[in-house]
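Engineer: The structure follows.
Read the figures in this text as sums done on the coordinates, not as results from a lab. These figures come from a predicted structure and were not determined experimentally. Note that we place each Cβ from the backbone using ideal geometry, even for glycine, and neighbour counts take in every protein chain shown.
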Amino acid sequence: MRTAVVFKSSTGFTERYARFISSSLDADLITYKERRKALTGGYDTLIFGSSIIAANISGISWFDKVRGSFKYSFLFVTGANPKENNPDLSSFLTAQKEKGHDIYYMPGGLAYEKMNSFYRFVMKKMFLPMVKKESGEDSAMYKMVSSSYSLYDEKYVMPLLDDVKRAQA
Ligand SMILES: Cc1cc2nc3c(=O)[nH]c(=O)nc-3n(C[C@H](O)[C@H](O)[C@H](O)COP(=O)(O)O)c2cc1C
């Protein structure tokens, strides 16, 4: 079985998970910029990794367009939210499932120092004031998202690895 891991990452969280996945599965790692390679390399399995930006999955239309060309396709997504005890995340994942996107969610975090100036502006001027208004300045949520943090953990990759191996067996 030949597997391609295509990832779209701007601040590194998705890339880090993608690197771990590709080395665990002995799969080829392909950047989103070079995504054409996934279509021409004779792969039967596509794993696409991306992130949630303003409640949307970045690059999802590409994945939807090409996934039918592969025998197996998998989607993993990183975001700012913790995975556990998270009703907001659960309803997002349920809504995505209804759209046909079975997501392996892997918590990323926020890396303000790696964001481009537009993203940093959006986060500082729109997102943070919104969280402050909704949750309060003293809330755990506001404190968490006010500065950079990482929730990266390889344990979140295991369900995806198990399912890929099972499908390809
Ligand atoms: C402009 C912007 C909007 C974001 N919107 C969301 C969001 O709606 N939900 C979420 O969980 N995370 C959101 N995030 C956090 C990213 O999904 C998270 O940092 C992700 O791990 C980034 O992946 P990357 O480092 O591979 O680019 C947002 C980040 C930025 C910069």
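Engineer: Using a cut-off of 19 Å between alpha-carbon atoms, which aspartates and glutamates can reach Lys65, once sequence neighbours fewer than 8 places away in the same chain are excluded?
Structural biologist: Correct list for Lys65: Glu34, Asp44, Glu98, Asp102.
Engineer: Counting other Cβ atoms within 10 Å, which trypsin sites (Lys or Arg not before Pro) in region 1-55 have at most 16 and lie in a DSSP loop? Kindly include the intermediate steps, with their values, before the conclusion.
Structural biologist: Details: sites: Arg2, Lys8, Arg16, Arg19, Lys33, Arg35, Arg36, Lys37; in loops: Arg2, Lys8, Arg35.
Here the sparse-neighbourhood loop sites are Arg2.
Engineer: Hey, what did the chain get for relative contact order, percent, Cα under 8 Å, at least 6 apart? Working shown, then result.
Structural biologist: Working: 235 pairs, mean separation 35.8, N = 169.
Computed over the chain, the figure is 21 percent.
Engineer: In Å, what Rg and Dmax follow from the Cα atoms of region 113-156?
Structural biologist: Just the Cα atoms of region 113-156 yield Rg and Dmax of 12.1, 33 Å.
Engineer: Right, another one. Can you give the angle from 0 to 90° between the axis of helix 87-98 and the longest principal axis of the chain, with both taken from C-alpha atoms, to the nearest 10?
Structural biologist: It works out to around 30 degrees.
Engineer: Related question: Which one, Ala18, Phe127, Val6, is farthest towards the positive end of the dipole of the chain when Lys and Arg carry +1 and Asp and Glu -1 on their Cβ?
Structural biologist: It is Val6.
Engineer: Separate question: Within region 23-119, list the GluC sites (Glu not before Pro) lying in a DSSP loop whose Cβ has at most 15 other Cβ atoms in a 10 Å radius.
Structural biologist: Filter output for region 23-119: Glu84.
Engineer: Give, as a single signed number, the net charge of other residues whose beta carbon lies under 14 Å from the beta carbon of Met130, with Lys and Arg counted +1 and Asp and Glu -1. Please report the intermediate quantities before stating the final value.
Structural biologist: On the way: positive: Lys124, Lys125, Lys132, Lys133; negative: Asp88, Glu134, Glu137.
Summing Lys and Arg as +1 and Asp and Glu as -1 gives +1.
Engineer: Rounded if a/c is under 1.5, else prolate if a/b is larger than b/c, else oblate: which is the chain, with a ≥ b ≥ c the root eigenvalues of its Cα gyration tensor?
Structural biologist: On the way: a/c = 2.05, a/b = 1.84, b/c = 1.12.
Because a/c hits 1.5 or more and a/b exceeds b/c, the chain counts as prolate.
Engineer: Add +1 for every Lys or Arg and -1 for every Asp or Glu among the other residues with Cβ under 15 Å from the Cβ of Leu46, and state the total.
Structural biologist: Numbers: positive: Arg2, Lys8, Arg35, Arg36, Lys37, Lys65, Arg67, Lys71; negative: Asp28, Glu34, Asp44, Asp64, Asp102, Asp163.
With Lys, Arg at +1 and Asp, Glu at -1, the neighbours total +2.
Engineer: Can you list the lysines whose alpha carbon is less than 21 Å from that of Lys132, not counting same-chain residues fewer than 8 positions off?
Structural biologist: Result set, ordered by chain and number: Lys124, Lys143.
Engineer: If you count the DSSP beta bridges with both ends in the chain, what percent of them are antiparallel, to the nearest 5? Walk me through the intermediate numbers first.
Structural biologist: Working: 4 of 25 bridges.
Given both bridge residues lie in the chain, the antiparallel proportion sits at roughly 15 percent.
Engineer: Let me ask you something else. Quote the charge dipole size of the chain about the Cα centre in Debye, to the nearest 20; the model charges only the Cβ of Lys and Arg (+1) and of Asp and Glu (-1).
Structural biologist: Details: 24 positive and 18 negative charges, 113 e Å.
My answer is approximately 540 debye.
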